[in-house]
Amino acid sequence: MKDKRIPNHEIKRRPESNLRNYYIILLETGLLLALILLTILFRVEIAITPPERIAVVEQEEVEIEEIVQTEQREMLPPPPRPPVPVAVPNYEIIEDVDIVIDAELRFDSFLALPPPPPPPAKEEEFEEPEEGFFVIVEQMPVLIGGLQALQNEVRYPEMALRANIQGRVVVQFIVNERGEPENPIVIRGIGGGCDEEAIRVVSKMKFVPGMQRGRPVRVQYHLPVIFIIRT
């Protein structure tokens, strides 16, 4: 191995072989080449492939609809059609009958007369009709307090208020001998709870019983109950 401390006499004989003389030139040349290379790298467009996009599948939204239960009403079958009358030929021949009318009146013979009518019943001896009540009597029942007392007892049903139901309910019943209503039924209703309320109110009423020949009897009666929403 050659010792570096030994002077190189060849450099002294040939000074152009000494690289230190070209140090600045080489440094500048290297810097220039580096700048040119950097400039080229910056100007070159490098195509970068974009990352693949992952397609996101949207999940379908399932809407749950509320099914309202419908009420099925049993429809009554229509009434049967009346039979069509069929003409039946009448082949029977009616024989002529000779009617002999004797116009001769004999005064000496006995004349048969119809029986006399039965005597009128006494005031205390009368019977009620088969139904057990009268429809028309001499003195009809009278509502104590009048229709105003009836309407004062009415409580408007909440269902009828919500549905805005108004109208007239007609109740039919029997006023007994004590002036009390029996067997009330609705013969004309409007629904919404008004029919039941009308029966309840009529059942609480008191009447002066109907009179027939001076004694109280059972009489069929009816009353209207009016439902009006007052604002």
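Summary table below
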| quantity | calculated |
| --- | --- |
| Number of the condition not met by residue 225 [criteria: (1) farther than 11 Å from residue 169 by Cβ; (2) assigned to a strand (DSSP E or B)] | (1) |
| Any hit, the range 174-188, residues being of a type in the set (Lys, Arg) and under 40 Å from the mean Cα position of the chain (by Cα) | yes |
| Near pairs, Cβ below 9 angstrom, 6+ apart or cross-chain, from the range 160-172 (part of a loop (DSSP other than H, G, I, E, B)) to any residue that is surrounded by fewer than 16 Cβ atoms within 10 Å (Cβ to Cβ) and of a type in the set (A, V, I, L, M) | 164/229; 165/159; 165/229; 166/226; 166/228; 166/229 |
| Breaking point among (1) modelled with pLDDT of 90 or more; (2) within 16 Å of residue 180 (Cα to Cα); (3) loosely packed, with under 14 Cβ neighbours inside 10 Å, for residue 132 | (1) |
| Selected residue (only one of 216, 184 is in contact with a helix residue (DSSP H, G or I) (Cβ under 7 Å, 6 or more places away or on another chain) and surrounded by 14 or more Cβ atoms within 10 Å (Cβ to Cβ)) | 184 |
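The values are calculated or read from the model by the stated rules, or taken from the named source; none is laboratory data. Owing to the predicted nature of the structure, the values given are computational and were not obtained by experimental measurement. Positions of Cβ are backbone-derived with ideal geometry, glycine not excepted, and every protein chain shown enters the neighbour counts.
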